[in-house]
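The values are calculated or read from the model by the stated rules, or taken from the named source; none is laboratory data. Quick caveat, the model's predicted, so the values are computed rather than measured. Glycine gets a Cβ as well: all are built from the backbone with ideal geometry, and neighbour counts include every protein chain shown. Surface areas here come from the heavy atoms of the whole protein model, side chains and all, with no ligands, DNA or RNA. Shrake-Rupley method; radii C 1.70, N 1.55, O 1.52, S 1.80 Å.
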Amino acid sequence: FTAAQRFKGINDPLAPSIAVYSVVSGDVLNSDDYFKNAKGGNLGSPRWKPRLKYWLRNPFDGMVQQPAVPMDSVLVVLDAQSPGARLGDIAFTWIECVGLDKTTPHRGMAVVPRAQAEPWFKDTRPGLQIYRPLAEISVKA
């Protein structure tokens with residue numbers, strides 16, 4: 001993993017949180033080390049397993065590194081069948097799902113000042129998720 005940032009959901013009860021990672025290759029998500037230390041390790045522990053009711057792994061291509069989301073902004077995610085869907089005047093970067101769970105073919109991501117995104121905080125349309133950062137992005141040097 002070359003970068004990571006965790007988020008808490010604002011508008012979608014099915015997606016109460018998200019962790020966004022940048023990886024050198026999607027192969028890391030199929031490695032023995034990943035399954036031993038992540039999926040089957042800490043995440044399989046009695047502490048975490050009951051909390052993981054909606055755990056999906058969707059690796060995407062089309063972005064070298066995820067955007068850093070400052071603490072006064074939000075990450076707006078829009079899942080769609082094809083790139084180009086719109087939400088107001090938000091400019092999305094579109095990426096394509098390339099493996100594992102493939103719950104959406106395309107995802108738009110945008111970093112938006114919190115005040116600008118507030119009109120959509122109660123919007124529960126399918127495919128729209130808005131997340132606030134829990135911490136600054138962590139980047140591996």
Within region 65-121, residues open to solvent by less than 20 Å² (accessible area, probe 1.4 Å) and basic (Lys, Arg) come out as none
Expected output for region 84-104 (first residue modelled with pLDDT under 95, partner open to solvent by 60 Å² or more (accessible area, probe 1.4 Å) and not in a strand (DSSP E or B), Cβ below 7 Å, 6+ apart or cross-chain) is ASP101/LEU56; THR103/LEU56
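So that you can scan it fast, the table gives a plain yes or no per residue for (1) of a type outside the set (Asp, Glu); (2) in a loop (DSSP other than H, G, I, E, B); (3) out of contact with any helix residue (DSSP H, G or I) (no Cβ under 9 Å at 6 or more places or on another chain); (4) within 15 Å of GLY127 (Cα to Cα):
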{"site": "ARG57", "(1), (2), (3), (4)": "yes, yes, no, no"}
{"site": "MET63", "(1), (2), (3), (4)": "yes, yes, yes, no"}
{"site": "VAL77", "(1), (2), (3), (4)": "yes, no, yes, yes"}
{"site": "LEU87", "(1), (2), (3), (4)": "yes, yes, no, yes"}
{"site": "ALA91", "(1), (2), (3), (4)": "yes, yes, yes, no"}
{"site": "GLY99", "(1), (2), (3), (4)": "yes, yes, no, no"}
{"site": "LYS102", "(1), (2), (3), (4)": "yes, yes, yes, yes"}
By residue number, the members of region 1-22 that are open to solvent by 50 Å² or more (accessible area, probe 1.4 Å), in a loop (DSSP other than H, G, I, E, B) and over 28 Å from LYS122 (Cβ atoms) are PHE1
